[in-house]
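These notes concern the structure reproduced below.
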Amino acid sequence: MPGLALVTGGSGFVGGALLEALAAQGREVRALARTKDAMAAVEARGGRPVRGDVLDIGSLVEGMRGCEVVFHAAGVNAVCVRERRPMYRVNVEGSGNVIRAARVAGVGRVVYTSSAAAIGEARGAVGREDTPHRGWYLSHYERSKHLAERRVLAWARSLGVDVVCVNPSSVQGPGRTGGSARLLLDLVNGRLPVLVDTPLSIVDVADCTQGHLLAELRGRSGGRYLLNGFSVTARQAVALLRQMTGGSPARAWFVPGWVVRAAGELAEGVSALGRRDLPLCREAARTLLHGHRYDGSLAERELGLRYTPMEETVRRTLSWYAERGLAPPPL
């Protein structure tokens, strides 16, 4: 059995699922935690909390001592925020610190949670690990993850650290209620009748977790692996939800792209005047209209990952919501 592991981001959705999976294997696992609440969340998931921060390289080195592997899943995922420096510091500077600390602590391997957004495929293209970047960014989040991945791989080469990147698409499944999961909740509860038809790419949280574990064991040093279970258009997603819920959402209006762009411009102006962040802005509109399709087959071929069928992912998620009174149960 592999040795001691450290997880960063263990109190979050992706890192927390990974922490639980490692503990379920009977492995000794530590998890970095910045606050008392994060420490409690880590303990509840079966890990041993280590007080620290990815921006504090000293705490990283101490947390990594004796570890065979580090799973670096900590990061900030946000759009439409006026103060962007914290996101760049955590995603770029913090990820660089993890590589430097791993070199000092003598860690055997780092599995870095990048993002499918770092691929930067052109609109309409299917993103793959070797797809050329389009040369510009849809959002500051996308830019921060692209720069972070470049730093991680470059510093790993120069410092002699064994790194494998995993690039999940939108991670969904039981346990997620915020962020993009709000779209699913709003749809099944009839609160979001206006949509734009765009391609969406999703990976089940269980498959994302398994992809990380397989990357530790089988991933090529310096390699990157897209994790994507399926791609679907918004219209197809609505049709599947209606089939699984017996009719929800009952109605959904799809609007043209120019309406979304105009709404993003308007919302950004309102946000600037009110000095507060809103969920819609120019970069959110750009990201939505661009859409994403990814090819996750390399992880199947090289890592042995098997993806959960789309219907099963949706059914598991809806059942989890229903058990908590957040949505009607699936049929």
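Close amide H contacts of Arg45 (hydrogens built in the peptide plane, cut-off under 5 Å, sequence separation of 5 or more or a different chain): none are found.
Mean separation of Cα pairs under 8 Å and 6 or more residues apart, divided by the residue count, gives segment 188-325 a relative contact order of 38 percent. Over the Cα atoms of segment 1-63, the radius of gyration divided by the Kirkwood radius equals 0.95; this is the Rg/Rh ratio.
Can you tell me which of 57-65, 36-44 comes out highest on packing, and rank the rest after it, using the mean Cβ neighbours within 10 Å?
On the way: 57-65: 19.4, 36-44: 15.8.
Going from most to least packed, we get 57-65, 36-44.
Relative to the longest principal axis of the Cα atoms of the chain, the long axis of helix 95-105 lies at roughly 20 degrees.
Against the chain, whose longest principal axis is taken from its Cα atoms, helix 205-218 shows a tilt of about 30°. Using only the Cα atoms of segment 185-331, build the gyration tensor, take square roots of its eigenvalues as a ≥ b ≥ c, and label the shape rounded, prolate or oblate: rounded if a/c is under 1.5, else prolate if a/b is larger than b/c, else oblate. It comes out oblate by the Cα gyration axes.
Largest first and in whole Å, the equivalent-ellipsoid semi-axes of the chain read 32, 23, 20, each the square root of five times a Cα gyration tensor eigenvalue.
Along segment 113-120 the Karplus relation, 6.51 cos²θ - 1.76 cosθ + 1.60 evaluated at θ = phi - 60°, assigns HN-Hα couplings of 7, 7, 7, 4, 4, 5, 5, x Hz to successive residues, with x for each Gly and Pro. Computed from the Kirkwood radius of its Cα pairs, the Stokes-Einstein diffusion coefficient for segment 227-273 at 25 °C and 0.890 mPa s stands at 185 µm²/s. What list of ³J(HN,Hα) values in whole Hz, one per residue of segment 184-189 in order, does the Karplus curve 6.51 cos²θ - 1.76 cosθ + 1.60 (θ = phi - 60°) give from phi, with Gly and Pro shown as x? Values, residue by residue: 5, 4, 5, 4, 6, 9 Hz. When the charge dipole of the chain is built from unit charges on Cβ atoms (+1 for Lys and Arg, -1 for Asp and Glu) and taken about the Cα centre, the candidate among Pro2, Val259, Leu298 whose Cα reaches farthest toward its positive end is Val259.
The local environment of Arg151, defined by Cβ-Cβ distances under 13 Å, has a net charge of +4 under the rule Lys, Arg +1 and Asp, Glu -1. As a ratio to 2.2 N^0.38 Å, the alpha-carbon radius of gyration computed for segment 171-217 takes the value 1.45. Each Cα pair under 8 Å and six or more residues apart adds its sequence gap; the mean of these over the residue count of segment 41-134 is a relative contact order of 30 percent. A simple charge model with +1 on the Cβ of Lys and Arg, -1 on the Cβ of Asp and Glu and nothing else charged puts the dipole of segment 43-145 at about 160 debye relative to its Cα centre. The C-alpha radius of gyration of segment 276-331, expressed as a fraction of 2.2 N^0.38 Å, stands at 1.67. For segment 46-200, the fraction of C-alpha pairs farther apart than 25 angstrom is 39 percent. Amide H contacts of Leu200: Val232, Thr233, Ala234, His292, each under 5 Å away and 5 or more positions distant or on a separate chain (H built 1.01 Å from N in the peptide plane; Pro and chain starts excluded).
Relative to one another, the C-alpha centroids of segment 123-188 and segment 10-37 are positioned 21 Å apart. Under 5 Å from the amide H of Val50 lie the amide H atoms of Ala31, Leu32, Ala33, each residue being 5 or more positions distant or on a separate chain, with H modelled from the backbone and absent for Pro and chain starts. Cβ screening of the chain for cysteine pairs under 4.7 Å finds these without a partner: Cys67, Cys165, Cys208. Top mean-square fluctuation among Pro309, Pro168, Pro49, Gaussian network model of the chain, C-alpha springs under 10 Å? Per the Cα network of the chain with a 10 Å cutoff, Pro309 tops the list. Computed over the chain, relative contact order equals 17 percent, with contacts defined as Cα pairs under 8 Å that lie 6+ residues apart.
Net charge near Arg27: determine it from the other residues with C-beta under 13 Å of the C-beta of Arg27, scoring Lys and Arg +1 and Asp and Glu -1. Could the numbers behind the result be given before it?
Details: positive: Arg30, Arg45, Arg48; negative: Glu20, Glu28, Glu68, Glu216.
Cβ neighbours under 13 Å give a net charge of -1.
Put the Cα centre of segment 260-331 next to the Cα centre of segment 55-103 and the gap is 24 Å. What fraction of the DSSP beta bridges in the chain is antiparallel, stated in percent and rounded to the nearest 5? If I count the DSSP bridges inside the chain, around 10 percent turn out antiparallel.
How many percent of Cα pairs in segment 34-121 exceed 22 Å? Intermediate results must be reported in sequence, preceding the final value.
Values: 1212 of 3828 pairs.
For segment 34-121, the fraction of Cα-Cα distances above 22 Å is 32 percent.
FYI, it's all coordinate maths here, none of it is from the lab. What you are looking at is a predicted structure, and each value in this text was computed from that prediction instead of being measured. So basically every Cβ, Gly included, is an ideal-geometry build from the backbone, and we count neighbours across all protein chains shown.
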